[in-house]
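Worksheet: one structure, shown below.
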Amino acid sequence: MKAPSYTFRLIWPVPALVSIFLANLPLSADEIGAATPAITPNYTSASLVLLDPPALPAPVITSGNSGPMDRWTLVNSGETTNFYGVRWIANQFVALGQHNIMTSPDGVTWKSPGASLTDTFYDIATNGKLFIAVGDKGGVATSPDLKNWTSQTSSIAGRLFGIFWFNGRFLATGESGIAYASSDGLTWLASKLASNNFHHGTIAGSNLVIADGQGLTITDGTSSSHISKIDRMLDVAYNGNLLVAVGSAPDTVWISLDGLNWQKSNPGSTEGLATVAWTGTQFVAAGSNTTVLSSTDGKMWSVRSLGNKANIYAVAGHGDTVVAVTSSGEIFTNQSVAAVTAPEISFAPGPAGSVPQLEIKCATAGAKIFLSEDGKDPSMQATPYAAPFSPAQSETIKVRAYKDGLAQSAITSANFIITPSKTPP
C-alpha cells in the first residue's frame, strides 16, 4: 500500500484561487502544474484559506485637511480593559481605567505600573510630590512617582469621579454632591456642596467649577453656588479666560467668561459629549460614537468622527498632541503612528503522515504575535505565538502583531480545514 501523504492547498486571495501544492508529494513539477484541486482518495487534504483582512485600524483620516486634529491613530496600549479617564500631568499622559493606571510620554507608547490594582479609577491629581487616583466604590490609590502605587483603605462608599489639588489640599468629588478633602490621601473629611452627583471639572482662578449632571457647581472650597440654567453638563474646561462646559443633548456646549453668565455655543453636532479639555492651544470635546470636536475660541467648532461606535469618556492634550480614551479600552491619538506589518500565515513542512504545521511570520522586527483559535480578535491577552504548530481540528485562526511605539497590525485570518481521505483497501 502506498504511504499516505498530504495535499497542501493554499488559497489567496479570495475569490482569486491559487492552488499551491507543497512538500512530500510524489509528483514532478510538470505534474504539479497540471494538477487539479481534486483530492486523490489515498491522500488527506489540509486547506488553508486566507480571508480578506479588515482595514487597518489606523490611521483614520477624518477630513481632507492636514491639521493636527485631522489624522488619528488607534494605538496599542497593551490592555483590553475599559478606560474612564486621561490627564496630562507631570509632563506625561496618564490613562485610568479598570484595575489599571497607564502612563505615556507621547500618547503613543504606554506602560502599566508594576503594582496590581484592584479598583477602577476615573481621575488623578498631584501636588507635585504625591499622586492620588480616585474611582469606583471610594477607591483611592497613592503614588510618589506614577510607577509604584499603593491602594488605600478609605471610608468613602460612593464613586469618586474627580480629584483636584485645590487650596492646599486634595479635593475629591463624586456621588451625592459630596466633596472629600485630604492632605495625604489617607484621611478624608466630607462636606456637602451640591444636591446632585459630581462628574468632572476644572480649576478656574480661585474657584473650582464642577459639572454635576444638572448644571454646574462653583465653589471656593468652603461655600458654593449652583448654576442650573445649563442642564445635563458632564465636564468643564478653562483656558485662563473662557469656561467651556459640555454635556448631553440637546444643548451640548455652553461658554462663559465669569462662570455665572452662560451662552449656548453651536458645536455643529448632535452627539452627546462627555468630556472637554484645554490642550494649551485649543478646546477638545468628545463623546458618543467617537465624535471629536475642536475649537480655539469655544464658538467655532470642527467636528470629526473616528469611525468607531464606542463612547469617548475622556480627552487630554498637550500642545498639538491629543489623547482620547474609550469605554471599549481603546486609546486614540492624533499623532501619526506607523503600524506593525500584518502577520503572514503559511504552511511549514511537517512530519510525514501528520497534520501539517502552520507557521506565522511578521516582517516588523521585534513584533510579538498573538493568535486565537476561537474566532475572536486576538489581543495581547491571547495566546502568544512561539513556533509552528499543528491544529488538532478544522478551525478559524486569527493573528495580530504588536510592538511598543507602533499601532497594532491588521488581523490576518485563515480557515484551516482538514479533510480526511477514505482509507484505501
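Tabulated results
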quantity	calculated
Strands (runs of 3 or more DSSP E) contained in the range 131-228 and holding at least 1 residues within 23 Å of PRO113 (Cβ to Cβ)	131-135, 140-143, 150-152, 160-166, 169-174, 178-182
Unique residue being surrounded by 19 or more Cβ atoms within 10 Å (Cβ to Cβ) and polar (S, T, N, Q) when the list is SER379, SER372, SER394, SER327	SER372
Qualifying position, being surrounded by fewer than 18 Cβ atoms within 10 Å (Cβ to Cβ) and at negative phi, among LEU243, LEU260, LEU216	LEU260
Considering residues of the range 382-391 that are more than 22 Å from the chain's Cα centre (by Cα) and within 27 Å of GLY329 (Cα to Cα) only, the residue surrounded by the most Cβ atoms within 10 Å (Cβ to Cβ)	TYR385
Residue in the range 183-203 that is among the β-branched types (Val, Ile, Thr) and within 29 Å of the chain's Cα centre (by Cα) present	yes
Qualifying residues in the range 144-159 (those that are within 16 Å of ILE101 (Cβ to Cβ) and touching a Lys or Arg at 6+ places or on another chain (Cβ under 9 Å)) - the one modelled with the lowest pLDDT	LYS147
Residue selected from the range 397-425 under the condition modelled with pLDDT under 85 and outside any loop (DSSP other than H, G, I, E, B), by the criterion surrounded by the fewest Cβ atoms within 10 Å (Cβ to Cβ)	THR419
Every pair of residues 6+ apart whose Cβ atoms lie under 7 Å, when the first sits in the range 223-234 and is at negative phi and not assigned by TED's automatic domain parsing to the domain that holds ASN261 while the second is at pLDDT 85 or above and assigned to a loop (DSSP other than H, G, I, E, B)	none
Failed item in (1) buried (at least 16 other Cβ atoms within 10 Å of the Cβ); (2) not in a strand (DSSP E or B); (3) not assigned by TED's automatic domain parsing to the domain that holds ASP123, with LEU358 passing the rest	(2)
Of residues in the range 288-307 being touching a residue at least 60 places away in the same chain (Cβ under 8 Å) and more than 19 Å from VAL236 (Cβ to Cβ), the one farthest from the chain's Cα centre (by Cα)	SER302
Within the range 148-191, tally of residues that are out of contact with any Asp or Glu (no Cβ under 7 Å at 6 or more places or on another chain), of a type outside the set (A, V, I, L, M, F, W, C) and over 22 Å from ALA245 (Cα atoms)	16
Subset tally (residues that are buried (at least 16 other Cβ atoms within 10 Å of the Cβ), within 21 Å of TYR84 (Cβ to Cβ) and more than 26 Å from the chain's Cα centre (by Cα)) for the range 128-157	3
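The values are calculated or read from the model by the stated rules, or taken from the named source; none is laboratory data. These numbers come from a predicted model, not from an experiment. Positions of Cβ are generated from backbone atoms using ideal geometry, with glycine treated the same way; all protein chains shown enter the neighbour counts.
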